[in-house]
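Colleague: This is the structure I want to talk about, given as structure tokens.
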Amino acid sequence: MVESWIVIGVVTFFIALGSFFITPRDVKWFALLSRPQWLIFEPLIPLIWTVIFVCGAASANIVWQKNPGGTITWLLMGLYLLLEIITVAYIPLMLRLRSLEVGERLGLAGLILSVVLAICVLPISWMAALLLVPYLVWSPIGTYTTDELRHLNPEDA
């Protein structure tokens, strides 16, 4: 039988590949947007999200190990999956639609879902909930940054 951490890791990896559905034309639009002066950490964002995805996968694995195959466990795996899909969809959808509002809404949806997931996971494992903290910390920063971009670029909101 395949280890759960391998399955969770592979699913996480393949969903993360969804962020490659970006065309150079889409990236050019985003690159030309005005940015807040305080946005000096932009080059670190891919590394930050990599850490967040690894922590999320580790969290999901801990939850799975507590009750493998249980109904609640499967429902929680669905929430982890939905959270990753929303997160990965942020960049391609925002760029493809050229809409910062879409990005902001997806960021907010991810934040709300991550809070719900953390609350649901906490009684099962405090460590699994703790591994969701990077998402809980970063998601509001990303959503706020997108909101600032909307204010600086109202024609692209």
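The values are calculated or read from the model by the stated rules, or taken from the named source; none is laboratory data. These numbers come from a predicted model, not from an experiment. Cβ coordinates were reconstructed from backbone atoms using ideal geometry, including for glycine residues, and neighbour counts include every protein chain displayed. Note: accessible area is taken over every heavy atom of the protein model, side chains too, but ligands, DNA and RNA are not part of it. Shrake-Rupley method; radii C 1.70, N 1.55, O 1.52, S 1.80 Å.
Colleague: With r defined as the distance between the Cβ atoms of Lys28 and Val116 and R0 fixed at 35 Å, what FRET efficiency is calculated, to the nearest 0.05?
Modeller: The formula returns an efficiency of 0.45 here.
Colleague: Only one of the listed values, (1) 15.7; (2) 16.4; (3) 18.8, was derived from the coordinates as Kirkwood radius over Cα pairs in Å; which label is it?
Modeller: Calculated Kirkwood radius over Cα pairs in Å: the matching label is (2).
Colleague: Using a 1.4 angstrom probe on the protein heavy atoms only, could you order Val133, Val2 from most to least accessible area?
Modeller: Val2, Val133
Colleague: Run lengths n ≥ 4 of DSSP H only: what is the helix-derived mean residue ellipticity at 222 nm for the chain, with -39500 (n - 2.57) per run over all residues, to the nearest 500?
Modeller: -25000 deg cm²/dmol
Colleague: Which of the peptides 98-107, 117-126, 64-73 is most tightly packed, and how do the rest follow, going by the mean number of other Cβ atoms within 10 Å of each residue?
Modeller: Ranking, from highest mean packing down: 98-107, 117-126, 64-73.
Colleague: Please report the carbon-and-sulfur percent of the accessible area for the chain; probe 1.4 Å, protein heavy atoms only, DNA, RNA and ligands left out.
Modeller: 75
Colleague: Here is a follow-up. By the scheme Lys and Arg +1, Asp and Glu -1, what is the net charge of all other residues having a beta-carbon under 14 Å from that of Ala157?
Modeller: For residues surrounding Ala157, the net value is -3.
Colleague: Please report, ordered by residue number, every helix of the chain (full DSSP H runs) that is 15 Å or longer along its axis going by C-alpha atoms and whose mean Kyte-Doolittle hydropathy reaches -1.0.
Modeller: Passing helices, by number: 4-16, 45-66, 71-97, 100-121, 133-152.
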